[in-house]
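Reviewing the structure listed below.
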2 protein chains.
Amino acid sequence: MSDKLSRQFAFLNEADKLKSVLRGTTLCDSSRQENSGEHSWHIALYAMVLAEHAERPVNTDRVIKMLLLHDLVEIDAGDNPIHGNHDPVEMERVEQAAADRIFGLLPALQAAEFRALWNEFEAAETDDAVFAKSIDRVQPVVANLETGGGTWPEYKVTPEQLDRRVGVKVRRGAPALWNHLKARIDAWFDAH
Amino acid sequence: MSDKLSRQFAFLNEADKLKSVLRGTTLCDSSRQENSGEHSWHIALYAMVLAEHAERPVNTDRVIKMLLLHDLVEIDAGDNPIHGNHDPVEMERVEQAAADRIFGLLPALQAAEFRALWNEFEAAETDDAVFAKSIDRVQPVVANLETGGGTWPEYKVTPEQLDRRVGVKVRRGAPALWNHLKARIDAWFDAH
């Protein structure tokens, strides 16, 4: 028992570092960059509030767990802004190594269970994972809309790029959310 | 649908403010104060990892949802450090008003559902709520242990006070966690 708890606390203390990984987007009041720990909380809340809008029925509890875990690999791999440029093959290698190390801190059975949930999220094939990805993609769009465009000017985002990198994925799991935001997104790009 | 989504996004945008509510404890690397948004993520992860150590069987999914919501009232009421001094009657009044306002942003059915979960957490009577409270109380203890005592000296915490305000509540829902940490806690107070 004691060894098991030691491993579990080692994992939870390591997870604390996610609060120091900064993302491309800011808080809704523009005061500072968001970190990946608070982002993970916010999108778990998004899933809890918005699950009824999933394109296909989902198990909200599984989606929430996926979202609580999904960014932990950034402790080693850092955040890769959706509109930035990075080598996807190298990023995949680094994130897999991070998942090995970080989930490997847990007792073996729990490590396997958490890793399976993370793998499922990354593969984006099941209904739960597709919806979880939609939620993860839509929250920065809302943050950008709330902050007058947010990081879109900095990354020179075009409407086509936003649709290709973000819109497609949001619509795949939750088209109602994209449709709801579309008028505000179009208005912003028309004005800029 | 559109009005419903507008209310849901209004709630989620309001929730963003929890990332700017600072707590008494710091991150595990002492670099800065923790905020209540990232704290909420961390303890949801605590619940996911540590649920097997609950004194009585719990529904982990409900515990996670309670913990995702539990601190939202701090957007209006602020964080009240466990070792600080505050008027419990006035605090209760302010938090109830905050819950009215913040959950009231949601569509009516969802507002009632979330408020009921928050009420259950606050009442700390069901097995799920008792365990959720234990998790909420134990995480700052771990943060303080990881940072050489953390905020205990600042608040002049005595071993008796820690046991009365924290230990009792952790043991009520998860005695195995307190027993696991007890040796480290005793060692710290013996040395200071």
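The values are calculated or read from the model by the stated rules, or taken from the named source; none is laboratory data. If you're wondering where the values come from, they're calculated on a predicted model, not measured in any experiment. In this analysis, Cβ positions are derived from the backbone assuming ideal geometry, glycine residues included, and neighbour counts consider all displayed protein chains. In case anyone asks, the SASA skips ligands and DNA or RNA and just uses the protein heavy atoms, side chains included. Shrake-Rupley method; radii C 1.70, N 1.55, O 1.52, S 1.80 Å.
From the list B:V73, B:V142, B:V138, which residue is out of contact with any helix residue (DSSP H, G or I) (no Cβ under 6 Å at 6 or more places or on another chain), touching a residue at least 24 places away in the same chain (Cβ under 8 Å) and open to solvent by less than 20 Å² (accessible area, probe 1.4 Å)?
Working: B:V73 fails: out of contact with any helix residue (DSSP H, G or I) (no Cβ under 6 Å at 6 or more places or on another chain); B:V138 fails: out of contact with any helix residue (DSSP H, G or I) (no Cβ under 6 Å at 6 or more places or on another chain).
Being out of contact with any helix residue (DSSP H, G or I) (no Cβ under 6 Å at 6 or more places or on another chain), touching a residue at least 24 places away in the same chain (Cβ under 8 Å) and open to solvent by less than 20 Å² (accessible area, probe 1.4 Å) holds for just one of B:V73, B:V142, B:V138, which is B:V142.
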Revision key, fill the gap. Given (1) open to solvent by 40 Å² or more (accessible area, probe 1.4 Å); (2) touching a helix residue (DSSP H, G or I) at 6+ places or on another chain (Cβ under 7 Å); (3) among the small types (G, A, S), B:A116 misses just (2)
Practice item. Among what's in segment A:61-70 and is more than 8 Å from every other protein chain (Cβ to nearest Cβ) and under 15 Å from A:D127 (Cα atoms), pick the residue that is most open to solvent (accessible area, probe 1.4 Å). Key: A:R62
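Kindly indicate the residue of segment B:129-170 that is hydroxyl-bearing (S, T, Y) and in contact with a Ser or Thr (Cβ under 8 Å, 6 or more places away or on another chain) and also nearest to B:N85 (Cα to Cα) among those meeting that condition. Walk me through it before giving the result.
Filtering segment B:129-170 down to residues hydroxyl-bearing (S, T, Y) leaves B:134, B:147, B:151, B:155, B:158.
Subset that is in contact with a Ser or Thr (Cβ under 8 Å, 6 or more places away or on another chain): B:147, B:151.
Details: B:T147: 23, B:T151: 15 Å.
Ranking the candidates gives B:T151 first.
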Practice item. Within segment A:112-154, track down each residue that is hydroxyl-bearing (S, T, Y) and closer than 27 Å to B:A10 by Cβ. Key: A:S134, A:T147, A:T151
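Applying the selection to segment B:70-107, what residues are assigned to a helix (DSSP H, G or I) and acidic (D, E)?
Going residue by residue through segment B:70-107, those that are assigned to a helix (DSSP H, G or I) are B:74-77, B:88-103.
Selection gives B:E74, B:D76, B:E90, B:E92, B:E95, B:D100.
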Revision key, fill the gap. Among helices (runs of 4 or more DSSP H) completely within segment A:127-179, the ones holding 2 or more residues that are closer than 20 Å to A:A44 by Cα and within 11 Å of chain B (Cβ to nearest Cβ) are A:127-146
Check your understanding: Can you name the number of the only condition in (1) open to solvent by 10 Å² or more (accessible area, probe 1.4 Å); (2) under 27 Å from B:A176 (Cβ atoms); (3) part of a helix (DSSP H, G or I) that B:G24 fails?
Key -> (3)
Practice item. Mind listing just one residue for me: the one in segment B:1-21 that is open to solvent by 10 Å² or more (accessible area, probe 1.4 Å) and among the basic types (K, R) and, of those, farthest from B:W118 (Cα to Cα)? Key: B:K4
**Study point:** From the options A:A97, A:A174, residue that is closer than 30 Å to B:A51 by Cβ and surrounded by fewer than 16 Cβ atoms within 10 Å (Cβ to Cβ)
**Key:** A:A97
Exercise for review: Would you be able to say whether some residue in segment A:32-54 is at the interface with chain B (Cβ under 8 Å from one of its Cβ atoms), more than 19 Å from B:L27 (Cα to Cα), modelled with pLDDT of 95 or more and surrounded by fewer than 18 Cβ atoms within 10 Å (Cβ to Cβ)?
Suggested key: no
Exercise for review: With the checklist (1) over 14 Å from the mean Cα position of the chain (by Cα); (2) part of a helix (DSSP H, G or I) in hand, flag the one item B:A44 doesn't pass.
Suggested key: (1)
Exercise for review: Could you check, for segment B:9-26, whether at least one of its residues is over 14 Å from B:Q139 (Cβ atoms), at the interface with chain A (Cβ under 8 Å from one of its Cβ atoms) and small (G, A, S)?
Suggested key: yes
